[in-house]
Amino acid sequence: MAKPYQEGSGWAFRLRIDGQDIYRSGFKTQKAAQGEMDSLASDSRNSDRPAMSGPQRTSVAQALSDYALEVLPHHKGAPQEARRINRYLRVLGLPIVHLEAFKGEAPIKKQRNKRKKAQAVYWSAALVVEGERVIPNGLHAHRAALAAESKATNEMRRKLARTMMADVAKHELQRFVDRMEEEGFGMSTVRLEVAILRQLFAHAARVWNWRRPMLNPASGLDILTEDNSRERVLTEEEWQRLAPVLARRQNQLVFPLVCLMLESAMRSCEPLIHMRWEHVNWERRVLELPDGKTGKRNVPLGPGALAILEYVKALGLTSEPAEQVFPTSYEAVKKVWSEARKEAGVEDIQLHDLRHTSATRYSCEFDGDVMKLRVVTGHKTLTMVARYVNLSAEQVATMMHGEELPDRLAPAGLNSNVMDVVQEAHKKADDARQAIARRVARAQSQRRRAQEALKSGIPWHQEDHARKGESSSPANLVIGNVVRVNFERRAA
């Protein structure tokens, strides 16, 4: 029978249970070490066998991989969870989690056994070996800056990823949280990082029957709180400055995407991830989304929204029913938005604030009819609708006096049609393209005539003079970019 033994200034033990070699050290007394040994042996006798290799022989990174394959297919927000899990896998060079969306009108139902409720399957999950990551043009400096800022956090994440699940201590996770806060990560980012670990340990105890660690080490951590409620609304005045800057950007999809978000109050994930051309019911003037953050919903499309969709279709980037309306990434959109916002001098405005802006605008247009507004925003409760209507005291006072809101107070789209800016930008772009086409055609015509003149030996500029009834001097003959000079001496 194994017994505790002294190791340095403390006590340690080695134990073999179900083929697993267990080593523990750092106990202050022999009694404490013996108590831990007895507890491990009791768990082994009185409980079912742990799934897979057990917590003593499974690292956090491996457990995250197994968790992702089992759980993420049933989560709508799986892409965000996969990104957080992949941070732990990348630091060790392990295969990363890759998700493929379920292709169909509705998620399929998967029932594990007769006693449990069937679960929807939204994704297929697999582990893939990641090649060299291709960073889109223009994002290299941004990615390098992020890597430099989070260097210490990544080192702690690498150490945690190698740690066996049974050995993860709460105080180590608390140091990890403190480091993230010191490096300037937002509180929501910290909470989401901790959440994925907390869910992992809870799943290991509940589903895999892992008894170590006895308490969830990711629960009850000390995380700073912050008031993350947003009341920022893009004003009409700011939109008039921001819209032309967005329209000039190389990514042709960002500008109409922003306009559509202002016209429809949609979340950014709805047009970017879920929306397909087949979902646009032009006759009903409704966007029939089969799935979204809150499930299936119909988004009413006003005249402005329909005009924006027609504009996007005219771009010709996608047109097939199953294709995305906006085939671009959130990261690319966010980069363009950030640059345009700074150039236009519009401070402290986020993409999600467009949803607040649209809700506030329609609240004014619907005279506060929350039932209509609830259909536009797609919220389940009126409480959530109210959170997105952000009217200030000055705005209310102005309306109490029967005055129209000036551009500096009005939410974008209230005093002008959002699509007017789109059409004006489209017209300017067409004019510019036509001017370029005329210059190109003129240059091609001149090049062609010069080449024909070289073959015939007749300077092409003489043809122009002949057409105009003018005479040309033979002294200086121009062919293309060559000037021929006649050096023959005239007779006296």
Query raised in the report: Within the stretch 84-102, can you find the residues that are more than 24 Å from Gln119 (Cα to Cα), part of a loop (DSSP other than H, G, I, E, B) and in contact (Cβ under 8 Å) with a residue 12 or more places away in the chain?
Result: Val91, Leu92, Leu94, Pro95
Query raised in the report: What are the residue pairs meeting all of these: first residue in the stretch 51-68, first residue within 11 Å of Arg162 (Cα to Cα), second residue surrounded by fewer than 21 Cβ atoms within 10 Å (Cβ to Cβ) and of a type in the set (Lys, Arg), Cβ atoms under 9 Å, and 6 or more apart or on different chains?
Result: Ser59/Arg162; Val60/Arg162; Ala61/Arg162
Query raised in the report: What's the number of the condition Asn417 fails, among (1) touching a Leu at 6+ places or on another chain (Cβ under 8 Å); (2) at pLDDT below 90?
Result: (1)
Query - Residue tally, condition loosely packed, with under 11 Cβ neighbours inside 10 Å and touching a strand residue (DSSP E or B) at 6+ places or on another chain (Cβ under 9 Å), over the stretch 392-410 - result: 1
**Report entry** Glu81 being closer than 18 Å to Gln119 by Cβ, crowded, with 19+ Cβ neighbours inside 10 Å and touching a residue at least 40 places away in the same chain (Cβ under 8 Å)
**Finding:** yes
Report summary line: Val376: passes all of (1) open to solvent by less than 70 Å² (accessible area, probe 1.4 Å); (2) in a helix (DSSP H, G or I); (3) more than 30 Å from Gly402 (Cα to Cα) but (3)
Query raised in the report: Does Pro107 fit the bill of being farther than 17 Å from Ala204 by Cα, touching a Phe, Trp or Tyr at 6+ places or on another chain (Cβ under 6 Å) and either modelled with pLDDT under 85 or open to solvent by less than 20 Å² (accessible area, probe 1.4 Å) (or both)?
Result: yes
Query raised in the report: What number of residues within the stretch 326-355 are more than 13 Å from the chain's Cα centre (by Cα) and among the hydroxyl-bearing types (Ser, Thr, Tyr)?
Result: 1
Report summary line: Of the candidates Ala218, Ala205, Ala305, the one satisfying the condition of being open to solvent by less than 10 Å² (accessible area, probe 1.4 Å) and either within 30 Å of Met52 (Cβ to Cβ) or aromatic (Phe, Trp, Tyr) (or both) is Ala218
Query raised in the report: touching a Phe, Trp or Tyr at 6+ places or on another chain (Cβ under 7 Å) and under 21 Å from Glu310 (Cβ atoms), is that true of Leu262?
Result: no
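Anything in the stretch 360-373 that is in a helix (DSSP H, G or I) and more than 22 Å from Glu237 (Cα to Cα)? List them, or say none.
First, the residues of the stretch 360-373 that are in a helix (DSSP H, G or I): 360-365, 370-373.
Within the stretch 360-373, Val370, Met371, Lys372, Leu373 qualify.
With the condition kept exactly as written, say whether any residue in the stretch 379-389 is under 13 Å from Pro411 (Cβ atoms) and over 22 Å from the mean Cα position of the chain (by Cα).
Quick first cut of the stretch 379-389, residues under 13 Å from Pro411 (Cβ atoms) only: 388-389.
Pick out the ones that are also over 22 Å from the mean Cα position of the chain (by Cα) and you get 389.
Yes, some residue in the stretch 379-389 is under 13 Å from Pro411 (Cβ atoms) and over 22 Å from the mean Cα position of the chain (by Cα).
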Report summary line: Checked Val71, Val97, Val134, Val128 against criteria (at pLDDT 85 or above and farther than 21 Å from Gln199 by Cβ); the one match is Val128
Requested in this report: Report whether or not Phe185 is of a type in the set (Phe, Trp, Tyr) and modelled with pLDDT under 90.
Outcome: yes
Query raised in the report: Restricting attention to the stretch 160-169, does a residue exist that is surrounded by 17 or more Cβ atoms within 10 Å (Cβ to Cβ), at pLDDT 75 or above and in contact with a Gly (Cβ under 9 Å, 6 or more places away or on another chain)?
Result: yes
Query raised in the report: Can you tell me which residues in the stretch 79-94 are over 18 Å from Phe185 (Cα atoms) and modelled with pLDDT under 90?
Result: Pro79
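Residue-wise test of (1) open to solvent by 70 Å² or more (accessible area, probe 1.4 Å); (2) closer than 23 Å to Arg232 by Cα; (3) in a strand (DSSP E or B).
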{"residue": "Gly292", "(1), (2), (3)": "no, no, no"}
{"residue": "Gly295", "(1), (2), (3)": "no, no, no"}
{"residue": "Lys313", "(1), (2), (3)": "yes, no, no"}
{"residue": "Pro327", "(1), (2), (3)": "no, no, no"}
{"residue": "Lys334", "(1), (2), (3)": "yes, yes, no"}
{"residue": "Arg341", "(1), (2), (3)": "no, yes, no"}
{"residue": "Ser358", "(1), (2), (3)": "no, yes, no"}
{"residue": "Ala386", "(1), (2), (3)": "no, yes, no"}
{"residue": "Asn390", "(1), (2), (3)": "no, yes, no"}
Report summary line: Counting only residues in the stretch 221-274 that are among the small types (Gly, Ala, Ser) and open to solvent by 10 Å² or more (accessible area, probe 1.4 Å), the one farthest from Gly77 (Cα to Cα) is identified as Ala247
Report summary line: Apart from one, (1) modelled with pLDDT under 60; (2) in contact with a helix residue (DSSP H, G or I) (Cβ under 6 Å, 6 or more places away or on another chain); (3) part of a helix (DSSP H, G or I) all hold for Val478; the odd one out is (3)
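The values are calculated or read from the model by the stated rules, or taken from the named source; none is laboratory data. The model shown is predicted, which means the values in this text are computed figures rather than measured ones. Glycine also receives a Cβ, built like all others from the backbone with ideal geometry; neighbour counts cover every protein chain displayed. In case anyone asks, the SASA skips ligands and DNA or RNA and just uses the protein heavy atoms, side chains included. Shrake-Rupley method; radii C 1.70, N 1.55, O 1.52, S 1.80 Å.
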